[in-house]
Amino acid sequence: MTRSAAPGLAALSPRLPSPLQEVADDRFSRHGLRLLLKRDDLIHPELTGNKWRKLAPNLRAAAGRTVVTFGGAYSNHLRATAAAGRLLGLPTVGVVRGQELAGRPLNPSLARCVADGMRLHFADRSTYRRKAEPETLAALLRAAGAEEAHVVPEGGSNALAVRGCRALGEELGEQADVVALACGTGGTLAGLAAGLAPGRRALGIPVLRGGFLAADIEALQERAFGARRGTWSLDERFHCGGYARVPAELDAFAEDFTARHGVPVERLYVAKLLYGLVTLAGEGAFPHGTTIAAVVTGRPFPAPA
């Protein structure tokens, strides 16, 4: 893909703005609350949800160069980047956390990346933790044979992505009082909060342990907009033990939500978001009359036929 071909993203026909669906759920209505689902999972069959919003500006910036990005063995971001590369004819390289994985059979997630044309480079965990350091990053790019590549950080969260996610808040306008979403690296929340109408607030449900995300989101907003933007907060209680941890209770909750509303529930992010919102509603965390929009950022993998 050449620089002049970059607008070819439009040829992928994203469904924007994404649909807003109200669901009748007594776990909310009994507390005087309305629940809306912002169906970002319907933006594109392969580049779903926040992956489209974060990747599109980075793919334009790549202007035909190889795209290098980072992730763990089950990274949704790696899969989305690989799919984008296939759809746009763009070379992609995924730097995967865990050198020990190089000698093992690929799991379904990484196998999908390879099938979509992504070249994988496995990095030991110590080096991976230091990937943001300029010398370490340069060494990783040399080792991967991609020194001239456009680099997209883990999770896709950089200033370009944050500015791209601002449209999510703008699309919602005044239709919701609280907009909630699950957070990994925080880029989507950083942009969403900046795009919300006055008087609206964003609520993030981190899916990783550690308590580091608030500082990361502030730093992302500083880089994208020059200062903290919008009203936002985090509730750290619903990570269920950490990323990729899906206890039986959460899996049963997701199955029940799908049975109630016909919406496929992705487990690593969306299930934790919805479980958190049900819990918060039961705790009386939202005033009577509040309209909550839950952002459905992806679909289960592998996607249903």
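The values are calculated or read from the model by the stated rules, or taken from the named source; none is laboratory data. None of the values given here were measured: they were computed from a predicted structure. As a convention, Cβ positions derive from the backbone with ideal geometry for all residues, glycine included, and neighbour counts pool all protein chains shown. In case anyone asks, the SASA skips ligands and DNA or RNA and just uses the protein heavy atoms, side chains included. Shrake-Rupley method; radii C 1.70, N 1.55, O 1.52, S 1.80 Å.
Summary table below
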read-out	value
Looking only at the stretch 46-90, and only at residues there that are open to solvent by 30 Å² or more (accessible area, probe 1.4 Å) and hydroxyl-bearing (S, T, Y), the one that is modelled with the highest pLDDT	T66
Close pairs from the stretch 94-113: first at positive phi, partner loosely packed, with under 14 Cβ neighbours inside 10 Å and of a type outside the set (S, T, N, Q), Cβ under 7 Å, at least 6 apart	G98/R125
Residue count for the stretch 91-100, restricted to those that are open to solvent by less than 30 Å² (accessible area, probe 1.4 Å) and of a type outside the set (G, A, S)	4
Cβ-Cβ under 9 Å pairs, at least 6 apart or on other chains, the stretch 259-277 side touching a residue at least 40 places away in the same chain (Cβ under 8 Å) and over 12 Å from T297 (Cα atoms), far side acidic (D, E) and not in a helix (DSSP H, G or I)	R260/D25; H261/D25; G276/D235
